[in-house]
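The values are calculated or read from the model by the stated rules, or taken from the named source; none is laboratory data. Owing to the predicted nature of the structure, the values given are computational and were not obtained by experimental measurement. Neighbour counts are summed over all protein chains in view; Cβ atoms, including those assigned to glycine, are modelled from backbone coordinates with ideal geometry. Note: accessible area is taken over every heavy atom of the protein model, side chains too, but ligands, DNA and RNA are not part of it. Shrake-Rupley method; radii C 1.70, N 1.55, O 1.52, S 1.80 Å.
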Amino acid sequence: MNENIVETLVAEILKRLQKKVLLVLTNAGGYQDEIYTRMCHYNNFSFSIMIAENAVNQHDVDKWRQLGDIVNFDEHSLPAALDKFDSLFIPFLDFETMGDVANGIFTTDGAQVINYALMKNINVLALDYNCNPKSELNQVLGLNKNAGYNEQLQTNINKIVSSGVQLCTMNEIESNLNPAESISESEPRGIIESPLRYITLNDVINSGRDSFSNNEKLTDLAVEYLKAQK
């Protein structure tokens, strides 16, 4: 067996060991270059990229193809196609898709794939820079000046979180896409016993605050979620 064949076999084995993540690119693009550059360093994942129909003008297909294969799903084959993925990641969650998911609407293909993933209990993570009026991005854009409407948007945020979407910071994404192998399927995702660790939003949703000891700390998103539940 020559060296080229060995290298090809090793590369294929390593690829099979990688977590399979579906990136769902929706109709928003704040911090796109920064997020894309950061993701290029995620070597533990095998990415596939779905660009929503209403977002094709928002994202450079050739650029994202360098990160993984561009995929499209037929509505009827979508539920079965999702079974190959360990996680979904929505880096640019927009207001429209958030509203559709919050209300269980399947009209757009972006909302469809997220809703089906939630129904199949697949790990779904998203960044909320584009759809949270409290984010720095939307403050810069001036999209946070109507307090009453902000509350309505916050209701949608709370709904998608309650449905199982994990809203994370960019610093939390890599670890949340790659849950510890020692956790069994019967245990809540993301619960890892270790001293002085930070409790993520996903931990709080799955187990509740009373499940954690006093030497553990909550992330900012987890704190905000608990406040919203009061």
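Going through the stretch 130-155 one residue at a time, which ones are open to solvent by less than 90 Å² (accessible area, probe 1.4 Å), more than 14 Å from LEU93 (Cβ to Cβ), part of a helix (DSSP H, G or I) and out of contact with any helix residue (DSSP H, G or I) (no Cβ under 9 Å at 6 or more places or on another chain)?
ALA147, GLY148, ASN150
Across the stretch 157-185, what is the total count of residues that are surrounded by 15 or more Cβ atoms within 10 Å (Cβ to Cβ), polar (S, T, N, Q), at pLDDT below 90 and not in a loop (DSSP other than H, G, I, E, B)?
Matching residues across the stretch 157-185 total 1.
Can you name the condition, by its number, that PHE73 falls short on among (1) of a type in the set (A, V, I, L, M, F, W, C); (2) free of Cβ contacts under 8 Å to residues at least 40 places away in the same chain; (3) touching a helix residue (DSSP H, G or I) at 6+ places or on another chain (Cβ under 9 Å)?
(2)
Residues checked against (1) part of a helix (DSSP H, G or I); (2) surrounded by fewer than 19 Cβ atoms within 10 Å (Cβ to Cβ); (3) hydroxyl-bearing (Ser, Thr, Tyr):
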| position | (1), (2), (3) |
| --- | --- |
| ASP33 | yes, yes, no |
| THR37 | yes, yes, yes |
| ASN54 | yes, yes, no |
| ASP62 | yes, yes, no |
| ALA81 | yes, yes, no |
| THR97 | yes, no, yes |
| ILE105 | no, yes, no |
| ILE114 | yes, no, no |
| LEU118 | yes, yes, no |
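If you take the residues of the stretch 64-73 that are part of a strand (DSSP E or B) and not hydrophobic (A, V, I, L, M, F, W, C), which of them is nearest to GLY30 (Cα to Cα)? Don't jump to the end; show me each part of the working.
Step one: of the stretch 64-73, the residues part of a strand (DSSP E or B) are 68-70.
Checking the rest, the ones that are also not hydrophobic (A, V, I, L, M, F, W, C) come to 68-69.
Numbers: GLY68: 21, ASP69: 22 Å.
Ranking the candidates gives GLY68 first.
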